[in-house]
Amino acid sequence: AQKVTQAQTEISVVEKEDVTLDCVYETRDTTYYLFWYKQPPSGELVFLIRRNSFDEQNEISGRYSWNFQKSTSSFNFTITASQVVDSAVYFCALSPAGGYQKVTFGTGTKLQVIP
Amino acid sequence: DAGVTQSPTHLIKTRGQQVTLRCSPKSGHDTVSWYQQALGQGPQFIFQYYEEEERQRGNFPDRFSGHQFPNYSSELNVNALLLGDSALYLCASSSRTSGAIPYEQYFGPGTRLTVT
């Protein structure tokens, strides 16, 4: 069985602060994919990143960075110099590799960036 | 290039009724997945369709059924609606063809279903 835990329900930061969203996962699969999605108030899920389980290299994309640590089953997401437009609910998700997808989402972290 | 589209946007039904939700995948995508997102929760996987067959299913009762058409569009049907079926229903499309990034799902805006 797969499980994704996002312990932070809500986070508030002041604009320009850095913020890290935590994600811990459980899976029995040896190969899998991890994802982060953003859900703004409009409701549409926006894909941010996909990471293979065999690639632990951290990734940076502009103000976004992701820290994947297989040893602790964590896939944390950091926003540097947060902006008001970053306010949204962020979901971490997990899917087995190969075959057909069955994506398991966490319960989400609501981020509020205060101007 | 149109993204994933869903219809209707909102829907109000009475307990016991049946509902059909529709999804058109992003151009070039051949796989459609459906999710249920209750208020304040993460999306829950319902099922996935590829080549007009259900390929994966989450923990949802048989009241939830689907269909995929030759043009890759899909329908989600829910019978005998319960109050607990009230949620945002999201459709996601992806591609299994070569050259496409696997497992990158594009989500539609969702259909908000309210059961009274």
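Readers should treat all values here as calculations from the given coordinates under stated rules, not as data from a laboratory. No experiment lies behind these values; they were computed from the predicted model shown. All Cβ positions, even for glycine, are placed from backbone atoms using ideal geometry, and neighbour counts span all protein chains on display.
Some points to look at:
- Isotropically averaged projected area of the protein assembly as shown, using the convex hull of Cα atoms (one quarter of hull area), nm²: 12.9
- From most to least packed by mean Cβ count within 10 Å, the peptides A:54-66, B:21-33 give B:21-33, A:54-66.
- q = 0.15, 0.30 Å⁻¹, segment B:1-62: log10 I(q)/I(0) [Debye, one scatterer per Cα]: -0.59, -1.33
- With the convex hull of the Cα atoms taken as the outline of segment A:12-62, the averaged projected area works out to 5.2 nm².
- Peptide B:51-60 has a mean of 2 when you count, residue by residue, the C-beta atoms of other protein chains within 10 Å of its C-beta.
- Whole-Hz couplings from phi, Karplus 6.51/-1.76/1.60, listed for segment B:50-67; x for Gly and Pro: 8, 6, 6, 10, 6, 9, 9, 9, x, 8, 10, x, 5, 4, 9, 9, x, 7
- Once C-alpha pairs closer than 8 Å and six or more residues apart are averaged by separation and normalised to the residue number of segment A:1-98, the relative contact order reads 37 percent.
- Chain B - charge dipole about Cα centre, Lys and Arg +1 at Cβ, Asp and Glu -1, debye rounded to 20: 400
- Long-range tail of P(r) for segment B:15-98 (Cα pairs > 14 Å, %): 61
- The convex hull around the C-alpha trace of chain A, projected and averaged over every direction, spans 7.0 square nanometres.
- Cβ-based charge dipole, the protein assembly as shown, positive-most Cα from A:Val103, A:Val4, B:Gly42: B:Gly42
- Trypsin sites (Lys or Arg not before Pro) restricted to DSSP loop in segment A:8-46 with at most 15 other C-beta within 10 Å: A:Lys16, A:Arg28
- Residues A:Val14, A:Val24, sorted so that the one with the fewest Cβ neighbours within 10 Å comes first: A:Val14, A:Val24
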